[in-house]
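Chemist: Structure incoming, see below.
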Amino acid sequence: MAGERIGLYPGTFDPITTGHAEIIRRSMRVVDRLILGPAMNISKGPLFTLEERCDMLREAIAELPADVGARVSIVPFTGLLVHFAKARGATVIVRGLRTVSDFEYEIQMSNMNARMEPDIETIFLVASDRHQFIASSLIKDIAKLGGDTSSFVSAKVHARLKAKFAGQQAVN
């Protein structure tokens, strides 16, 4: 559709957290369509396979109101983010910010992306105070050590984490 604003929210989503879900919901106020781009970034050594991460993203979309969820799609990618955004017709890259260190990293990426593709704008959505401390890496650590992740991820993701680490809890 002409004039449609397409946004791209990239990430590893390993796993998707309530913070990610909040950014997805809030992004839908700014864009007409949103592409969730789970990165096939092997260097980060994800806990979940790409297929599992896409399944979790589909589950998160299913929890959105139907009219909103219908405007969200999932397209895994590899390579340069701005090349992927351009190929998909995205004019906006959405990034969530939690901390000052996030900002420092994201501003560098945003400036570099703007140099490569000036027609693609990056917008930053600051996580609410309820989600500022939530990071996928911390969630995985909590789950690995047998902690309760249920207030940081959906019930389905919580169950997936428990299954991944069943029988692997550290012994002190």
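Rule-based calculations on the coordinates, nothing more; no lab input. Note that the structure is predicted; figures quoted are calculated from it, not measured. Note that we place each Cβ from the backbone using ideal geometry, even for glycine, and neighbour counts take in every protein chain shown.
Chemist: Grab the beta carbon distance between Ser150 and Glu59, set R0 = 25 Å, and tell me the FRET efficiency rounded to 0.05.
Modeler: Numbers: r = 15 Å, r/R0 = 0.60.
After rounding, the FRET efficiency stands at 0.95.
Chemist: Which shape class applies to region 6-128: rounded if a/c is under 1.5, otherwise prolate when a/b exceeds b/c and oblate if not, where a ≥ b ≥ c are the square roots of the Cα gyration tensor eigenvalues?
Modeler: Rounded shape, in that the Cα axes give a/c under 1.5.
Chemist: Ranked from highest to lowest mean number of other Cβ atoms within 10 Å per residue, what is the order of the peptides 64-76, 22-34?
Modeler: Packing proxy ranking, top to bottom: 22-34, 64-76.
Chemist: Hey, fewest Cβ within 10 Å first, where do Lys164, Lys140 land in order?
Modeler: By the 10 Å Cβ count, ascending, the order reads Lys164, Lys140.
Chemist: Subtracting the Cα-Cα distance from 0.36 nm times the residue separation, let me have the gained length for Glu4 to Arg98 in nm, one decimal.
Modeler: Contour length minus Cα-Cα distance gives 31.0 nm.
Chemist: What order do you get for Val100, Val94 when you list them from fewest to most C-beta neighbours inside 10 Å?
Modeler: Val100, Val94
Chemist: Using amide H atoms built 1.01 Å from N in the peptide plane, name the residues 5+ places from Gly96, or on other chains, whose amide H lies under 5 Å from its own.
Modeler: Correct list: Leu125.
Chemist: Return the whole-Å distance between the Cα centroid of region 7-85 and the Cα centroid of region 96-126.
Modeler: Using only Cα atoms to place each centre, the spacing works out to 17 Å.
Chemist: Give me Leu8, Leu57, Leu138 sorted ascending by neighbouring Cβ count inside 10 Å, so fewest comes first.
Modeler: If I rank by nearby Cβ atoms, fewest first, I get Leu138, Leu57, Leu8.
Chemist: Any idea how far apart Ser137 and Met109 come out in nm if each label point goes 7 Å out from Cα toward Cβ?
Modeler: So the two model labels end up 1.3 nm from each other.
Chemist: Excluding Asp32 itself, calculate the net charge of residues whose Cβ lies under 11 Å from the Cβ of Asp32, where each Lys or Arg counts +1 and each Asp or Glu counts -1.
Modeler: My count for the surroundings of Asp32 gives +3.
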